[in-house]
Amino acid sequence: MEQLLRAELHTKTLRAFRSSGAGFISEGCAYDTDSGPVFVKVNRRTQVCRADSIHGIWMQARQMFEGEMASLEALHSTGLVRVPKPMKASKLGDQMADLHLYNQKLREKSKARENTVGCGAEGAEPQGVTKFGFNTVTCCGFIPQVKIPDLFSGIEIVPSLLHGDLWCGNVAEDDQGPIIYDPASFYGHSEFELAIALMFGGFPRPFFTAYHRKIPKAPGFDKRLLLYQLFNYLNHWNHFGREYRSPSLGMMRKLLRAAMGGQHGSDS
């Protein structure tokens, strides 16, 4: 392993300065190298998880990491959030709102160029994304995310570039501010991002206050939040077993109660 790392990193120095740790999905270790510190993630699974129970497609660990790499590159390219380092809550909330508005602003710029004489739609500037999903498979944990082009009919949702797994364990902070990592990115509804952030805690009130100053809660926010949280509970049930059976069923009951309330005209 160390010989491979030296060759890939082009370094003579390779000294572990943080004990090897394992998350739920992969193992990791931090090293000093000739070029500075690096963090190495390792997953030894050859067949990680079936992506589709009908077609029986299996996700390889390499493809999982390729999806994470593409996610980090997409997040980094916005210049709005730092990707790969615990947490200035209001600053991160503000940055996440900017990230979720980034694609919408690109689309508005593209429309303005199209309506300007002598200014073509194509150019060196980034183009806005009009579809939901992502250009490659990404994994929330080790389970591939199904790319669904439209979740709700009759609701206008502008695709936002999402981190995709924004719980407190994937956020850190140094003296320059917040950093987010371990993404499972896709273009989706910005509200999806907040579901898992609210599930496990760790994000204080200033985070959400700063976020909603830029992206106010839309009508029906609380009901859709239940649906997005159900997705995350079911994903955890798939990963970690029956521990998440009861929370998943409980969330289904909440959704049913919310739907029944909606029939009588109430809406969050």
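Regarding the range 179-196, can at least one residue be identified that is in the same structural domain as residue 252 (by the TED database), among the β-branched types (Val, Ile, Thr) and in a helix (DSSP H, G or I)? There is at least one residue in the range 179-196 that is in the same structural domain as residue 252 (by the TED database), among the β-branched types (Val, Ile, Thr) and in a helix (DSSP H, G or I). Part of a helix (DSSP H, G or I) and either surrounded by 13 or more Cβ atoms within 10 Å (Cβ to Cβ) or at pLDDT below 80 (or both) - does that describe any residue in the range 47-61? Checked against the condition, which is being part of a helix (DSSP H, G or I) and either surrounded by 13 or more Cβ atoms within 10 Å (Cβ to Cβ) or at pLDDT below 80 (or both), the range 47-61 yields at least one hit.
Being more than 27 Å from residue 143 (Cβ to Cβ) and of a type outside the set (S, T, N, Q) holds for only one residue in 197, 210, and it is 210. Number of residues in the range 13-46 that are farther than 21 Å from residue 165 by Cβ, part of a strand (DSSP E or B) and modelled with pLDDT under 75 equals 3.
Considering every residue within the range 231-247, establish whether at least one is closer than 26 Å to residue 102 by Cα and in contact with a helix residue (DSSP H, G or I) (Cβ under 9 Å, 6 or more places away or on another chain). Yes, there is a match, as at least one residue in the range 231-247 is closer than 26 Å to residue 102 by Cα and in contact with a helix residue (DSSP H, G or I) (Cβ under 9 Å, 6 or more places away or on another chain). Scanning the range 200-230 for residues that are part of a helix (DSSP H, G or I) and surrounded by 17 or more Cβ atoms within 10 Å (Cβ to Cβ) yields a count of 12.
Within the range 142-157, not a single residue is on the phi > 0 side of the Ramachandran plot, assigned to a strand (DSSP E or B) and either at pLDDT below 90 or in the same structural domain as residue 26 (by the TED database) (or both). Consider only pairs whose beta carbons are under 6 Å apart and that are at least six residues apart or on different chains; among these, list those whose first residue lies in the range 187-201 and is closer than 11 Å to residue 211 by Cβ and whose second residue is surrounded by 22 or more Cβ atoms within 10 Å (Cβ to Cβ) and of a type in the set (S, T, N, Q). Filtered contacts from the range 187-201: 190/160. Comparison of 76, 10 shows that the only residue that is in the same structural domain as residue 190 (by the TED database) and either buried (at least 17 other Cβ atoms within 10 Å of the Cβ) or modelled with pLDDT of 75 or more (or both) is 76.
The values are calculated or read from the model by the stated rules, or taken from the named source; none is laboratory data. Since the model is a prediction, treat every value here as computed from it, not as a measurement. Every residue, glycine among them, receives a Cβ derived from its backbone with ideal geometry; neighbour counts consider all protein chains shown.
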